[in-house]
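Just below is one structure, and these are the notes that go with it.
The values are calculated or read from the model by the stated rules, or taken from the named source; none is laboratory data. Worth saying up front: this structure is predicted, and the values here are computed from it rather than measured. Here the Cβ positions follow ideal geometry from the backbone for every residue, glycine too, while neighbour counts run over all protein chains shown. The accessibility values were calculated without ligands, DNA or RNA, using every heavy atom of the protein model including side chains. Shrake-Rupley method; radii C 1.70, N 1.55, O 1.52, S 1.80 Å.
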Amino acid sequence: NAGVMQNPRHLVRRRGQEARLRCSPMKGHSHVYWYRQLPEEGLKFMVYLQKENIIDESGMPKERFSAEFPKEGPSILRIQQVVRGDSAAYFCASSPGQHYSGNTIYFGEGSWLTVV
Amino acid sequence: RKEVEQDPGPFNVPEGATVAFNCTYSNSASQSFFWYRQDCRKEPKLLMSVYSSGNEDGRFTAQLNRASQYISLLIRDSKLSDSATYLCVVNRAGNMLTFGGGTRLMVKP
């Protein structure tokens, strides 16, 4: 049973370009979470999605960031017009049910975005 | 004020030492508590859940004091492989995990 799969693992973008990060949850998991970790900081919640629905996007920056989890295919975190401050590790996690109901959450290995 | 506060360290200890990390959280509505371990440029991995009665897993002991909103992690007989960043994590019902900034541990030979 493969774990949470993220790609690319490392991505370099020039300022102003777009970054797309993909996340395939564990088999059987329908809940996906994105977290961001800036250098030397803890993880910060960004968005929680179920298939075709955004459940909680309270941690998403108001501009340039969007996320989706289509019926088919991986969840995608999209960052438009990247700036240097977007350089961070982006972790995806999944759970079989709503995490706050006690299900364990599983993290992917992360995608490291560097903006030059 | 951060919702989950940790001393960033680093804590430099010799092999075999006992080391303790503390964490405080600000939201009294927090219901679930965890310690995660994160190695350099890796994903966080669950080390253990933390219960009010205190719990132990081998060399690791976690304690929760709800009245003081304080969580601790004790590592006995430190190993070189314990070197990592330890993340204190809390969870409010209906909300996502909130991570502390982490405490870095370096175990030296």
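Does any residue of the range B:72-90 turn out to be of a type outside the set (V, I, T), at the interface with chain A (Cβ under 9 Å from one of its Cβ atoms) and open to solvent by less than 20 Å² (accessible area, probe 1.4 Å)? Before you say what the answer is, go through the steps one by one.
Restricting attention to the range B:72-90, the residues satisfying the condition of being of a type outside the set (V, I, T) are B:72-74, B:76-84, B:86-88.
Then drop every residue that is not at the interface with chain A (Cβ under 9 Å from one of its Cβ atoms), which leaves B:87-88.
Still in the list and also open to solvent by less than 20 Å² (accessible area, probe 1.4 Å): B:87-88.
Yes, there is a match, as at least one residue in the range B:72-90 is of a type outside the set (V, I, T), at the interface with chain A (Cβ under 9 Å from one of its Cβ atoms) and open to solvent by less than 20 Å² (accessible area, probe 1.4 Å).
Are any residues in the range A:9-21 open to solvent by 30 Å² or more (accessible area, probe 1.4 Å), touching a residue at least 60 places away in the same chain (Cβ under 8 Å) and either closer than 26 Å to B:C40 by Cβ or acidic (D, E) (or both), and if so, which ones?
A:R9, A:H10, A:V12, A:R13, A:E18
Being among the basic types (K, R) and over 30 Å from B:R104 (Cβ atoms) is the filter here, so list the residues in the range A:40-89 that pass it. Reasoning before the result, please.
Initially, the range A:40-89 is screened for residues among the basic types (K, R), giving A:44, A:51, A:62, A:64, A:71, A:78, A:84.
Those that are among the basic types (K, R) and over 30 Å from B:R104 (Cβ atoms): A:K51, A:K62, A:R64, A:K71, A:R78.
Answer yes if at least one residue in the range A:68-79 is over 22 Å from A:A2 (Cβ atoms) and among the acidic types (D, E), and no otherwise.
no
Can you find even one residue in the range B:52-65 that is exposed (fewer than 14 other Cβ atoms within 10 Å of the Cβ), within 14 Å of chain A (Cβ to nearest Cβ) and over 15 Å from the mean Cα position of the chain (by Cα)? Break it down stepwise before answering.
Of the residues in the range B:52-65, the ones exposed (fewer than 14 other Cβ atoms within 10 Å of the Cβ) are B:52-54, B:56-59, B:65.
Then keep just the ones that are within 14 Å of chain A (Cβ to nearest Cβ); that gives none.
No, the conditions are met nowhere in the range B:52-65.
Looking only at the range A:102-111, decide whether some residue is hydrophobic (A, V, I, L, M, F, W, C) and open to solvent by less than 50 Å² (accessible area, probe 1.4 Å).
Looking only at the range A:102-111, we keep the residues that are hydrophobic (A, V, I, L, M, F, W, C), and these are A:105, A:107.
Filter again for open to solvent by less than 50 Å² (accessible area, probe 1.4 Å), leaving A:105, A:107.
Yes, there is a match, as at least one residue in the range A:102-111 is hydrophobic (A, V, I, L, M, F, W, C) and open to solvent by less than 50 Å² (accessible area, probe 1.4 Å).
Across the range B:10-26, which residue is least open to solvent (accessible area, probe 1.4 Å) among those that are within 19 Å of B:D77 (Cβ to Cβ) and among the small types (G, A, S)? Show your work before the answer.
Our first condition is that a residue be within 19 Å of B:D77 (Cβ to Cβ); within the range B:10-26, this holds for B:11-21.
Filter again for among the small types (G, A, S), leaving B:16-17, B:20.
Working: B:G16: 43, B:A17: 23, B:A20: 51 Å².
So, considering only residues that are within 19 Å of B:D77 (Cβ to Cβ) and among the small types (G, A, S), the one least open to solvent (accessible area, probe 1.4 Å) is B:A17.
Within the set of pairs 6+ apart or on separate chains, which have a first residue in the range B:27-45 that is facing chain A (nearest Cβ under 9 Å) and open to solvent by 50 Å² or more (accessible area, probe 1.4 Å), a second that is at pLDDT 95 or above and not in a strand (DSSP E or B), and C-beta atoms under 9 Å apart?
Pairs that qualify, where the first residue is facing chain A (nearest Cβ under 9 Å) and open to solvent by 50 Å² or more (accessible area, probe 1.4 Å) and the partner is at pLDDT 95 or above and not in a strand (DSSP E or B), are B:R41/A:G110; B:K42/A:E109; B:K42/A:G110; B:K45/B:D39.
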